[in-house]
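Before any comments, here is the structure.
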Amino acid sequence: MGGLRVILIEVQFFVMHIHVKISGVLLTSVIAFTGVIAHATPASAQTYNYGNAGVADISVANGNVIIVRGDSGAQVAAVVNAPLVPGDYIATGSGSNAEVQFDGISMLRLANNTQVRFVNLSPNSREVQLAAGTVDLAELQGADGSPQIDTPSLTVRPNQSGDYRVTVLGNGETLVTVRSGAATIETANGSQTLAPGSTLVAHGSSISVQNAIGFDSFDQFNVSRDQALVSAYNSNPYLSPQLAGSSNLANYGQWQNVPGYGYAWSPNNQSQTNFAPYQNGQWVWEPGYGYTWVDNTPTGYTTSHYGTWFNNPNYGGWLWQPPASQTQNSSTSLASAWLPAVVSFFLSGNNGGALGGLGNLLSGNNGGSVGSLESLLGLGNSGSATTSNANIGWIPLAPGEQYQPWYGQNSTYPATSVTNVSNITNLYSYYNNAQYYRGVTMVPVSAWRNGNFKRLVVVQPHQLKQVVLIRGAVPIVPTTENLHYTSVITVKHPLVLSRTFAAPRFAAKAPVMTRTSFKTQQALIQTIASAHPKVVPLPPHPTKIVHPIYRPVAHAPIHVPSIVKHPPHAVVTPNPTPHPTPKHTPHAAVAPKPTPHPTPKHTPHVVVTPKPTPHPTPKHPSHAAATPKPTPHPTPKHTPHAAVTPKATPHPTPKHTPHAAVTPKATPHPTPKHTPHAAVAPKPTPHPPPKHTPHAAVAPKPTPHPTPKHTPHAAKTPKPTVTSTQIPA
């Protein structure tokens, strides 16, 4: 270590000091044991990991999206940045959708009315169960994390980058469509590979393949998300795309090269009064991790659970330094780098003043134990807050500072110890960020237990008078209000979980991790809070903290796999196809039914040959107009007769009937445009007034015909003359 020795004193349980060697600069990462002075050597990367089973996060939540907690069964409203652990459920309501990121390049998207349970979130084996609805598994850079989707009928395992759509219908039937890429489908009949262009349908042991289902709005949502993520990753040369949530950083901040720290990201438009890390969000209880910060900002997931913050007024104020480059090489190392928050907790009085009752707690000999945290915090045996001026606060850790976990392996929680800091200057030497405005945040213990983080107490450095550092578990018994990700406690539209989750019918039959119940976790913290904490003096501090220097991670660009858009299944217009001219649609619609009849309605149109003007020869009264070449159709009168009297038998040319039948298929007529009326109406424009079908068009047109002989016909059919008065309308 080049002569640098780090001396750590563990106040209780484990202490981790992060030290990573990046191009000759050290970032300590050491774990010292209880009550022992250790001369630690640096690790090559941040290796703090108790083997907890992995975490996913919600990156999109539109509409009614609900999380059903695996440790308590509580239904809570989902929000962006909310963490998910094995055993949790997520469900969407009508008109809603969501996206859950396993990491930056592997995510699960849910369509409306969908229910999913997370079985395993280990970075090497991610597994979810789909009980109802539709999901899309998007893999942007290979089959990252070996993900799989289980349904009652089959298991889907992607083989490469792509989008994999899976649907479970109400009857248990499963539909799998590979929009891009290739996947292995495991069924009761064995396994097979599915490629784009078809949909596999499975129901029990029955398996079939059909044409790919149609491209819909959910597919469009998936394509849009893929493109947005890939564009953001390829334009960001500072981070690995595998870092969850990192795609949002470019839109909300900028990168700067800060001497002594390397590249760091700072939020846009920040000022001393409008921004500080870990102030816009809430503390939520998560099994296995205890109190976990859920940030309300779009970039909060990445900057709250990875890396550290520091303040440099010359570069705009607060800056975020990413986790070491080595931790971004794989999903496994990133899972190890994930932390519920990178802060240090403390207790203090109102506005940073003296903490009432602290004297009793600290009155024992050095290292002794007197009093209890329960009494110090004003908590009764039931854990309910009583009169107390106790506040709990937190300080964001700067690069190189000690991270001391408040949780343990397998949902255990270490005993709490306390250290009194009466000289605040000493605090600054341990926590550099405490000396800056908004670097220290507090909230009354009573507000914490009520899940109320809307009115935080921001303490200026000169206000701090007394601080009691907490090591080990945060000694505040969690309440049901601490299970919610927002201040809205009641879910407006609670859901009923699918019975499929309770039945052992899932294809993979994977055991779902059993979480320690919330009540058991409450009892554990209650025991710790009511015990006599060990009082430990402030340990000596290293002579110098070496700041790690961050250098960008080089990564190859990502390319979105092309998705083949199949038309929607609904063959919406197979029937209309025969009607080549939409203009005659009305006729087409009428024609099919009247076929048995001479279709008086259509015949008038036929004769309507709106502009019989082409009938230059009025001498053809014999209705030869029925012939394909109605030009001789000089006598529109016959048309009226045909229309007026369904019994067109008197017409020498029964060909009129064929017109009615032929109308749907204009093929026989030389002019396709007048499909329904053959050549009779080269210009279907006259047909528009189907309303005048009676003989409206017939009556006015005969007038131009010079042959008075048709008049008798008109007399025979007085109706046309009546309707003629309606033509103008």
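Rule-based calculations on the coordinates, nothing more; no lab input. These figures come from a predicted structure and were not determined experimentally. All Cβ positions, glycine included, derive from the backbone under ideal geometry; neighbour counts span all protein chains shown.
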Calculated FRET efficiency for the pair residue 280/residue 503, C-beta based, R₀ 41 Å, to 0.05: 0.45
Extension reserve of the residue 188-residue 523 stretch, reckoned as 0.36 nm per residue once the Cα distance is removed: 116.1 nm
Aspartates and glutamates whose Cα lies under 16 Å from that of residue 534, excluding same-chain neighbours fewer than 8 positions away: 10, 374
Efficiency of FRET between residue 481 and residue 113 - r from beta-carbon atoms, R0 35 angstrom, step 0.05: 0.75
The range 56-224: relative contact order in percent, alpha carbon pairs under 8 Å with at least 6 residues between: 13 percent
Amide H contacts of residue 212 (H built 1.01 Å from N, under 5 Å, at least 5 apart or other chain): 198, 199
Estimated FRET transfer efficiency (residue 254, residue 314; beta-carbon r; R0 22 Å; 0.05): 0.90
Contour minus Cα-Cα distance for residue 559 and residue 220 (0.36 nm per residue): 120.3 nm
Extension reserve of the residue 211-residue 423 stretch, reckoned as 0.36 nm per residue once the Cα distance is removed: 68.9 nm
From phi via Karplus (6.51, -1.76, 1.60), per-residue ³J(HN,Hα) for the range 73-81 in Hz, x at Gly/Pro: x, 5, 9, 10, 5, 7, 9, 4, 5
Spin-label proximity, residue 458 to the range 283-324 - amide N less than 17 Å from point 7 Å beyond Cα toward beta carbon: 296-297, 310-313, 316-319
